[in-house]
Amino acid sequence: MRRYRGALLRHRDGAALVAGTYAAEPATLRFSDAVLAALMSGGASAREAAWTLTAMVYFTLGLTQEEQGMAEADEARLRAAVAAGSYPALSEAAGHLTEGTFDERFEDGLDRVLA
């Protein structure tokens with residue numbers, strides 16, 4: 001997943017371009033096969049591995065797409081939007097939504113998916 005994310009980041013709007021494409025191409029199938037094999041060799045059933053692969057790919061695409069589209073002003077816009085409404089849980093957690101780097105959020109997300 002780290003290499004996948006790196007490949008997406010090397011291209012402007014890479015995640016947005018990949019998110020809308022047909023995935024059954026040889027390179028994509030080899031990638032999926034390698035990830036599934038690693039998950040199954042770690043003890044996951046074929047179903048668990050398939051669903052974990054899906055979660056990891058969608059998480060990686062989504063976070064990378066957000067990273068590539070993030071403007072410096074987005075954090076301030078989020079805080080202003082939360083402050084303008086009645087969102088008590090979001091108000092309490094808003095600072096945590098933007099803390100840390102995308103690298104840190106990516107690693108934490110993968111850990112959560114694989115836990």
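Only the coordinates and a few stated rules stand behind these numbers; no lab work does. These figures come from a predicted structure and were not determined experimentally. Cβ coordinates were reconstructed from backbone atoms using ideal geometry, including for glycine residues, and neighbour counts include every protein chain displayed.
Under 18 Å from a label point set 7 Å out along the Cα-to-Cβ vector of residue 10, the amide N atoms of segment 30-55 belong to 30-32. Distance from a point 7 Å along Cα→Cβ of residue 58 to each backbone N in segment 96-115: keep the residues under 17 Å and list them by number. Only 109-115 fall inside the zone, counting backbone N under 17 Å. Quick one: angle between helix 88-98 and the longest Cα principal axis of the chain, in degrees between 0 and 90, rounded to 10, please. Computed tilt is about 60 degrees. Put simply, when 48-58, 20-30, 91-101 are sorted by average Cβ atoms within 10 angstrom per residue, most first, you get 48-58, 91-101, 20-30. Shown here is the pair-distance distribution of the chain: with all Cα-Cα distances grouped in 10 Å bins from zero up to the longest one, the shares run 12, 36, 31, 16, 5 percent. Shape call for segment 1-42 from the C-alpha gyration tensor, a ≥ b ≥ c root eigenvalues: rounded (a/c under 1.5), prolate (a/b greater than b/c) or oblate? Oblate shape, in that a/c is at least 1.5 and b/c is the bigger or equal ratio. Dipole magnitude for segment 2-115: about 360 debye, using +1 per Lys or Arg Cβ and -1 per Asp or Glu Cβ, origin at the Cα centre. Relative to one another, the C-alpha centroids of segment 85-115 and segment 17-54 are positioned 25 Å apart. Based on Cα contacts under 8 Å between residues 6+ apart, the chain shows a relative contact order of 32 percent.
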